Amino acid sequence: MTEPSFIPFHRPEIGEEEIDEVVGTLRSGWLTTGVRTEQFQNEFQSYIGARHVLALNSGTAALHLALAGLQIGPGDEVITTPLTFCATVNVILHVGATPVLADIQPNGNIDPQSIADRITAQTRAIIPVHFAGAPCDMDAIWSVARKHELFVVEDAAHAAGTHYRGHHVGADCFPSDATAFSFYATKNITTGEGGMIVSKQDDLALRIKILALHGISKDAWNRYREEGSWYYEVLENGFKYNLTDIQSAIGIHQLRKLERYVQERTRFAEIYSQELCDLPELELPSPVKDGRHSWHLYVVRLNLEMLTISRGQFIEELRKRKIGASVHFIPIPLHPFFKEWVHLAHNQCPVALQMYPRLISLPLYPSMSDEELRRVIIAVREVVEKFSKHRYLPVGPSSTVDNAISSEGANAL
Ligand SMILES: *Cc1c(COP(=O)(O)O)cnc(C)c1O
């Protein structure tokens, strides 16, 4: 018998469609932003129900351009969550503004009450992050934003396929100013590296478009028509954030599979929840009430007081059983770079800091097989049972052991 192979934390699903489209792009002679990027944008726009979209070379670029386009800068404060990837906070610093951290709710999303508590005369914008693919409490966030005339830029890096109140996150019917998606290799759909900015404001969308490519405008000036197609003018100090057609070739086909991906992620998440829910040592993610979870991540919280090992040791035990797990996220205040300002009273996030040592993200992606999912469940149960302060009878996830005996065993201290 061969040794079971390692189940990585993530493995992208790339089909022959993506490969053929990339090869077609390479053979076409047009590699950078062109017809395939236009097609990807058009299909993304109608999928989301968005007003304006622009494909970019990362989700970070999308967040950065949203803030730059809204002319947020020095002296301004932007409120976001501590439980996010560093990019969300880095872009606030890139435009010269001051990041302010609001604490989180038990589900990992930003707490609207905490946002309200952090608002000052300098606050200009809120960046909620749809953590793990579960929609934030947007109605409460929009209500705070309306009251204080703040911009809302959604970090939807986890949320391609997430719905809020019956519509896609980023849809034109919602009041947010802009929404940033990421197509990094581990995200719900990928272009290797890539992103998309979605906006409902016409003037913001135009500024973002100009800033995304060196601040160059080709069509705002009559001179362009007089001089010819070689002519352009630089209007602003812009960036180089465009997506190539090679990347869009991948994105076109990934997007067409996104609904199936969300369905498969949901099925796997349901199996995890069903097979692990009897373990009091684990707190499992709850289903969402006001939308559709895209299940970008399946984040388990350990009840550490019931275990003899730490989260780090738990992940190591999974690795010994050939399972890759990860942590989302190391809270912003714990990174050395952000030390300078996170000690301030208005950046204290006790809920996030208490949750951090408990967090483990289990593998969850469409290219996983049911057999691999079963191996993860068995490994997690093994580790829990071995290092629980309770004593367990040796019961597996699909065990036919008499129920009365197994539940008695599980409860015995
Ligand atoms: C991945 C991620 C980003 C950044 O996206 P990139 O495409 O990698 O630049 C931003 N915010 C969150 C929450 C993310 O997970």
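Structural remarks
- Rounded tilt (10° steps) of 370-387 against the dominant C-alpha axis of the chain: 60 degrees
- In percent, rounded to a whole number, the relative contact order of segment 258-406 is 30, using alpha-carbon pairs under 8 Å and six or more apart.
- Taking every DSSP helix (H) stretch of at least 4 residues in the chain, weighting each as -39,500 (n - 2.57) and dividing the sum by the residue count yields a mean residue ellipticity at 222 nm of -12000 deg cm²/dmol.
- Degrees between helix 311-320 axis and first principal axis of the chain (Cα, 0 to 90, nearest 10): 80 degrees
- Fluctuation leader among Pro333, Pro12, Pro74 - the chain, Gaussian network, Cα springs under 10 angstrom: Pro74
- Segment 57-64 - phi-based ³J(HN,Hα) in whole Hz, Karplus 6.51/-1.76/1.60, Gly and Pro as x: 7, 6, x, 4, 4, 5, 5, 4
- DSSP finds beta bridges in segment 45-169, and of those with both partners inside it, around 20 percent are antiparallel.
- Set Lys147/Lys187; Lys209/Lys257; Lys257/Lys322; Lys289/Lys386; Lys257/Lys320 screened for pairs whose C-alpha atoms are more than 30 Å apart: Lys147/Lys187; Lys289/Lys386; Lys257/Lys320
- Exposure proxy for Lys339, Lys200: other Cβ atoms within 10 Å of each Cβ, ordered fewest to most, give Lys339, Lys200.
- Each residue in Trp142, Trp341 was given a count of other beta-carbon atoms within 10 angstrom of its own, and listing them fewest first yields Trp341, Trp142.
- For segment 16-256, the relative contact order comes to 28 percent (Cα pairs under 8 Å, sequence separation of at least 6).
- The chain: equivalent-ellipsoid semi-axes (sqrt of 5 x gyration tensor eigenvalues, Cα, Å): 41, 27, 17
- Cα gyration tensor, segment 1-136 - rounded (a/c under 1.5), prolate or oblate: oblate
- Relative contact order computed over the chain (Cα-Cα under 8 Å; 6+ residues apart), in percent: 21 percent
- Segment 258-406: C-alpha gyration tensor shape, a/c 1.5 cut-off, then a/b vs b/c: oblate
- Cα-based shape type of segment 50-128, given that a ≥ b ≥ c are square roots of the gyration tensor eigenvalues and the cut on a/c is 1.5: oblate
- Residue order, fewest to most surrounding Cβ atoms within 10 angstrom, among Ser114, Ser310: Ser310, Ser114
- Nonlocal amide H pairs with His130, under 5 Å, H built at 1.01 Å: Asp155, Ala157, His158
- Of interest is the spacing of the C-alpha centroids, which for segment 137-152 and segment 230-258 amounts to 30 Å.
- Antiparallel bridges, percent of DSSP beta bridges restricted to the chain (to nearest 5): 65 percent
Computed from the coordinates by the stated procedures, all read-outs in this text should not be read as laboratory data. Predicted, not measured: the structure shown is a model, and the values here were computed from it. Don't worry about glycine lacking a Cβ; one is built from the backbone with ideal geometry, like all the others, and counts go over all protein chains shown.
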